[in-house]
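Taking it in order: structure first as structure tokens, then the write-up.
The values are calculated or read from the model by the stated rules, or taken from the named source; none is laboratory data. Quick caveat: nothing in here was measured; it's all calculated off a predicted structure. For neighbour counting, all protein chains shown are included, and Cβ atoms are generated from backbone atoms with ideal geometry for every residue, glycine included. Surface accessibility is based on the protein's heavy atoms, side chains included, excluding ligands, DNA and RNA. Shrake-Rupley method; radii C 1.70, N 1.55, O 1.52, S 1.80 Å.
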Amino acid sequence: MSDNSLTTFLSVAWESASAAGEIIRARWQEPRSIEYKGAIDLVTSVDRESEQKIVEILQHHFPGHAILAEEEMTTEGKTGEYRWIIDPLDGTTNFAHGYPHVAVSIALEKSDEVILGLVYDPLRRECFRAVKGQGATLNGAPIRPSATGELEKSLLATGFPYDRRENADQYLAFFKAFLTRCQGIRRNGAAALDLCYVASGRLDGFWELKLKPWDVAAGALIVTEAGGSMSDFSGARFSLDGNETLASNSLIHPEMVDVLSSAARLHID
């Protein structure tokens, strides 16, 4: 793939994210139309507006590409080689409550490998980007994970799946295990930003269960291109289609795997 192609892909990804971000900013203080996909899984009209705008731009530039989007506009590609993975509003619950921590997440796969990731926080106007093999940036400046080398000195983040009312004990077992081993835990409600915060050193590690490809595709590439580590809870290879997401600055990764493995065994026992 030529550098010109990557530059074009990145430019269109930013055009899409920026347009969606304008919608989110414009609607930030307006009354919100909210629907529930489940007991606590919601969607707003802004999710759909943002997704529609992103898909329109992508299809205009790349009509042969497939699209996997969170809400309703997933499409099959004509070529089968490229697929865009979109979360038009990561942190929907935050947005619905006026909590200012949301993002647009856009990733591009080529032959099942993510080659580009962009996560844009339109409220802070922060754009995290990564291209496979070219590092990661925040608003154009290179980023690196933290140098924290011990779990007990680490600031971590997590999230809870939408079935947490049914499986609270399982998820709290992991939370409790880390609570007694690290310096602090944050629960921010936007996995894409949590991953970017690991990549940029604002957080030292992040774990969560049952995330979807659109939650993690862009952020996972940004983590690894910045120099961090991604895996499942056992330390095995990370998969977009897996149920376990573990990200870290690399230095504390083995300790995080140990904690998760021990907590999982205790919960099963």
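Kindly indicate which of 21, 117 is in contact with a Pro (Cβ under 8 Å, 6 or more places away or on another chain), surrounded by 13 or more Cβ atoms within 10 Å (Cβ to Cβ), modelled with pLDDT of 95 or more and not hydrophobic (A, V, I, L, M, F, W, C).
Numbers: 117 fails: in contact with a Pro (Cβ under 8 Å, 6 or more places away or on another chain).
When all the criteria are applied, what remains is 21.
Could you list, ordered by first residue, the pairs with Cβ atoms under 7 Å in which the first is in the stretch 140-162 and more than 22 Å from residue 177 (Cα to Cα) and the second is among the aliphatic types (A, V, I, L, M) and in a loop (DSSP other than H, G, I, E, B), at least 6 apart or interchain?
Final answer for the pair search is none.
With open to solvent by 80 Å² or more (accessible area, probe 1.4 Å) and either closer than 20 Å to residue 224 by Cβ or part of a strand (DSSP E or B) (or both) as the only criterion, which of 157, 147 stands out?
Only one candidate qualifies: 147.
Do we have residue 57 as assigned to a helix (DSSP H, G or I) and either more than 18 Å from the chain's Cα centre (by Cα) or modelled with pLDDT of 95 or more (or both) here?
Values: assigned to a helix (DSSP H, G or I): yes; either more than 18 Å from the chain's Cα centre (by Cα) or modelled with pLDDT of 95 or more (or both): yes.
Yes, satisfied.
If you check residue 111 against the conditions, is it of a type in the set (Ser, Thr, Tyr) and in contact (Cβ under 8 Å) with a residue 60 or more places away in the chain? Give the steps one after another, and end with the answer.
Values: of a type in the set (Ser, Thr, Tyr): yes; in contact (Cβ under 8 Å) with a residue 60 or more places away in the chain: no.
When the stated conditions are applied, residue 111 does not pass them.
Please name all residue pairs, on different chains or six or more residues apart, with Cβ atoms under 7 Å, provided the first residue is in the stretch 87-100 and is within 16 Å of residue 161 (Cβ to Cβ) and the second residue is of a type in the set (Phe, Trp, Tyr).
Note: pairs meeting the criteria are 87/214.
With (1) open to solvent by less than 60 Å² (accessible area, probe 1.4 Å); (2) out of contact with any Asp or Glu (no Cβ under 7 Å at 6 or more places or on another chain); (3) not acidic (Asp, Glu) as the list, and residue 124 as the residue in question, which single condition is left unmet?
(1)
Quick check, is residue 26 modelled with pLDDT under 95, of a type in the set (A, V, I, L, M) and under 25 Å from residue 7 (Cα atoms)? Spell out how you get there, then give the answer.
Details: modelled with pLDDT under 95: yes; of a type in the set (A, V, I, L, M): yes; under 25 Å from residue 7 (Cα atoms): no.
No.
Output the residues belonging to the stretch 90-104 that are over 21 Å from residue 66 (Cβ atoms) and either buried (at least 16 other Cβ atoms within 10 Å of the Cβ) or under 16 Å from the mean Cα position of the chain (by Cα) (or both). If you could, list the steps in order and put the result at the bottom.
To start, the set of residues in the stretch 90-104 that are over 21 Å from residue 66 (Cβ atoms) comprises 91-103.
The answer is 91, 92, 93, 94, 95, 96, 101, 102, 103.
Can you name the residue in the stretch 60-73 that is surrounded by 18 or more Cβ atoms within 10 Å (Cβ to Cβ) and in contact with a helix residue (DSSP H, G or I) (Cβ under 9 Å, 6 or more places away or on another chain) and is also modelled with the lowest pLDDT among such residues? Give the steps one after another, and end with the answer.
Step one: filter the stretch 60-73 for residues surrounded by 18 or more Cβ atoms within 10 Å (Cβ to Cβ), giving 62, 65-71, 73.
The next check asks that each one be in contact with a helix residue (DSSP H, G or I) (Cβ under 9 Å, 6 or more places away or on another chain); those that pass are 62, 65, 67-71, 73.
Details: 62: 95, 65: 95, 67: 95, 68: 95, 69: 92, 70: 80, 71: 68, 73: 61.
The extreme case among them is 73.
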